[in-house]
1. Which whole-number percent of Cα pairs in the range 52-97 have a distance greater than 18 Å?
2. What Kirkwood radius, in Å to one decimal, follows from the Cα pairs of the range 92-189?
3. Under a Cβ-Cβ cut-off of 14 Å, what is the net charge of the residues other than Leu10 that fall near it, where Lys and Arg count +1 and Asp and Glu count -1?
4. Using 0.36 nm per residue of separation minus the Cα-Cα distance, give me the extension gain between Ile84 and Ala198 in nm, one decimal.
5. Looking at the P(r) of the range 24-122, how many percent of alpha-carbon pairs lie beyond 22 Å?
6. Under 8 Å for C-alpha pairs, at least 6 residues apart: give me the relative contact order for the range 64-150, rounded to a whole percent.
7. Using only helices, what value at 222 nm comes out for the chain when you add -39,500 (n - 2.57) per DSSP H run of length 4 or more and divide by the total residues, to the nearest 500 deg cm²/dmol?
8. Over the Cα atoms of the chain, each weighted equally, I'd like the Debye log10 I(q)/I(0) at q = 0.10, 0.14 Å⁻¹, rounded to two decimals.
Amino acid sequence: MRVERLEHKLGIRSSDTATITFEDCRVPAANLLGNPDVNAEQGFAGVMQTFDNTRPLVAAMAVGCARAALELTRELLEEAGVRIDYDRPLLGQSAAAATYLQMESDWEAAYLLTMQAAWMADNRRPNSLEASMAKAKAGRVGNDITLRCVELAGSVGYSEHELLEKWARDSKILDIFEGTQQIQQLIVARRLLGLTSAELK
Ligand SMILES: Cc1cc2nc3c(=O)[nH]c(=O)nc-3n(C[C@H](O)[C@H](O)[C@H](O)COP(=O)(O)OP(=O)(O)OC[C@H]3O[C@@H](n4cnc5c(N)ncnc54)[C@H](O)[C@@H]3O)c2cc1C
């Protein structure tokens with residue numbers, strides 16, 4: 001087994017991503033992951049089942065990343081004298097406060113979908129639809145919120161003095177791995193319309 005190269009990435013740089021080559025590589029039976037009675041025919045279905053558990057986790061990472069960006073942005077806005085008022089309509093507040101409140105409502109939707117998908121996984125209820133909905137929403141919201149927080153904080157948001165620029169870079173992969181935004185939307189559409197993968201590509 002050879003590590004061919006380490007990738008240089010936009011984000012999640014503390015997690016190495018590498019190209020690995022296996023050549024005439026023997027793996028002892030004791031080192032096999034999962035069931036030793038490997039059933040190749042069930043391989044794809046097994047991977048899909050794993051996603052029902054892991055997609056809510058990646059959605060949760062996106063929710064957490066966006067939450068961190070929101071909290072820091074709120075502090076920076078308050079320091080700059082922007083008042084965020086939950087009791088007044090958006091139209092009566094500054095553009096920065098209105099943008100912030102809209103981001104929070106989007107965040108809440110992603111959070112609730114993620115909690116639902118994770119609760120269903122924990123309670124062994126079929127959750128493929130909910131897991132994809134949560135992943136699609138949280139992945140997109142994570143990208144939108146972290147980037148808009150950079151925007152709202154201006155030059156402070158873009159600089160490396162604060163973590164906003166890092167979270168904006170880190171959030172992109174959360175919309176990609178464990179199934180991209182587009183693939184989640186495809187899965188949701190297939191399930192809602194009752195179509196197979198051959199019928200809706
Ligand atoms: C940093 C990093 C770490 C990763 N870590 C892991 C890991 O630990 N384990 C693991 O198994 N994988 C990992 N991956 C792989 C990751 O899950 C895939 O890259 C991801 O699912 C996208 O698949 P792909 O690269 O084959 O993209 P492609 O399938 O080539 O897609 C390219 C683009 O086309 C779009 N697209 C594809 N098909 C359709 C369609 N039918 N309709 C509309 N749009 C479509 C996609 O949404 C995407 O935007 C990692 C990837 C990266 C970048």
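1. Counting every Cα pair in the range 52-97, those more than 18 Å apart make up 49 percent.
2. 14.5
3. Charge balance in the 14 Å sphere: +1.
4. Computed gain between Ile84 and Ala198 is 36.2 nm.
5. Across the range 24-122, Cα pairs with separations above 22 Å total 55 percent.
6. 37
7. -20500 deg cm²/dmol
8. Result of the Debye calculation: -0.56, -0.95.
Values quoted throughout were computed directly from the atomic coordinates according to the rules given, and no laboratory measurement underlies them. Because the structure is predicted, anything quoted here is derived from the model rather than measured. Every residue, glycine as well, gets a Cβ built from its backbone with ideal geometry; the counts of neighbours run over all protein chains shown.
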